[in-house]
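The values are calculated or read from the model by the stated rules, or taken from the named source; none is laboratory data. Just so you know, these numbers come straight off a predicted model, no measurement behind them. Because the Cβ atoms are built from the backbone with ideal geometry, glycine has one as well, and the counts that use them run over all protein chains shown. The protein model used for the area step is the full one, side chains on, heavy atoms only, and it has no ligands, DNA or RNA in it. Shrake-Rupley method; radii C 1.70, N 1.55, O 1.52, S 1.80 Å.
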Amino acid sequence: MENNAESSNKPIHRHRHHHHRRHRKFWRGFWIVIGVIIVVGLFVCGMIYKNLRDTTQNMYTPVAKTTKSNKGRTLDNLLNEKKPINILLLGTDTGAMGRHYKGRTDAIMMMAINPKKNSTEVISIPRDSNAIFPGFPQYGVTKLNSAYTLGGVSETIKTLDKYYSVPIDGYLLINFGGLVKAVDQAGGIDVVSPLTFSNMGYTFVKGQKTHMDGKKTLAFVDMRHDDPKSDYGRQERQRIVIQALLKKSINPTNLLNAKFLNSMSSKMETDLTMTQMYNIAMNYRNATSNVSQDHAQGISKETMNPKFGLMEIEVISREERQRVSDKIRTALELPHVKVAANKSSYVMNR
């Protein structure tokens, strides 16, 4: 759990509702880049194929999906019938800034991919969202990002289903802090900064492309308090870096670099098989032609946790959770359902 003494001393930020404009190039190829890597491997011989096969095997970590929303859904059937799918993307903070414990999920995103409408909805859920975990009610109201600390990916999926009532068909977890090593091994990445700021001795200029090694990458994503969007802005920069690194991964030099691929696989987990990645790459590629980004907007408040004392949380209203649920279920061509009600502005429905 987080250091709540530190949290209690932080100023409370009131966030305005930011309407994210559509980014047709944003996330373009994010999932498909992974798929393209696999597709390349399927049509070539020798070392590339072997490296890719070993990489996907090292990443494969299945989890049970026993939520109400997932009842009757299997990813293989959805892919065979080319139906819309919802993929959960998680970014952990392990390995960054000297942290080596299991960590929390710094980034939580759902990607609803619809091959019929050729569209992809990418929706971020604030890591500090208030929640009572289905498997750990004794912790009371706490932050969503601790679900991974307590119960792993499975508990995170259960919690998202509890408050958003949407199915999760697959997941990809990235140890973001550790990826800085992969950035160095890939020869660095190029990104365009969405704002001007300085951090850890580096300066970034809005709209300016910059080449970053691992340390500069960490400085780019680590800053939060000076971002006018606070944690929402930090998550945006994390997504930019992940996208840049995954695009760099399709470079033939890196595909032949077993050290690079091993570094990537050691920092990633997924329950997608190589065959499923191939099917996504082949049948869902056009969905990247229309990619939109959104997020669940909360309001920063303080609450008294029964175990950890005073903490700052992002209170997500039922109306906002309903809006997000409706948007994802529409993209998945599923009927809308009512999300769980709040008992109060702080205590969520058990």
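Every residue, every condition in (1) out of contact with any Lys or Arg (no Cβ under 7 Å at 6 or more places or on another chain); (2) farther than 17 Å from MET110 by Cβ; (3) not β-branched (Val, Ile, Thr), yes or no:
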position	(1), (2), (3)
PHE133	yes, yes, yes
GLN138	yes, yes, yes
LEU150	yes, yes, yes
ILE157	no, no, no
GLY170	yes, no, yes
LEU173	yes, no, yes
GLN185	no, yes, yes
VAL192	no, yes, no
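Residues of region 260-277 being surrounded by 18 or more Cβ atoms within 10 Å (Cβ to Cβ) and modelled with pLDDT under 75, which ones? Result: PHE260, LEU261, SER263, MET264, SER265, LYS267.
When region 181-203 is limited to residues that are open to solvent by 30 Å² or more (accessible area, probe 1.4 Å) and in contact (Cβ under 8 Å) with a residue 40 or more places away in the chain, the one that is nearest to VAL63 (Cα to Cα) turns out to be LYS181. Inspection of region 109-119 identifies at least one residue that is closer than 26 Å to GLU314 by Cα, open to solvent by less than 20 Å² (accessible area, probe 1.4 Å), assigned to a strand (DSSP E or B) and modelled with pLDDT under 90.
Would a scan of region 134-147 turn up a residue that is assigned to a strand (DSSP E or B), at pLDDT 80 or above and over 25 Å from ARG318 (Cβ atoms)? Within region 134-147, none of the residues are assigned to a strand (DSSP E or B), at pLDDT 80 or above and over 25 Å from ARG318 (Cβ atoms). I want to confirm something. Restricting to region 306-317 and keeping residues that are crowded, with 18+ Cβ neighbours inside 10 Å and at pLDDT below 90, which single residue is farthest from ASN114 (Cα to Cα)? Top of the filtered list is PHE308. Just one residue in the set GLN243, GLN235 is at pLDDT below 80 and in contact with a strand residue (DSSP E or B) (Cβ under 8 Å, 6 or more places away or on another chain); that residue is GLN235. Among the residues of region 201-242, those identified as of a type outside the set (A, V, I, L, M), within 19 Å of ARG127 (Cβ to Cβ) and part of a helix (DSSP H, G or I) are PHE220, ASP222, ASP231, TYR232, GLY233, ARG234, GLN235, GLU236, ARG237, GLN238, ARG239.
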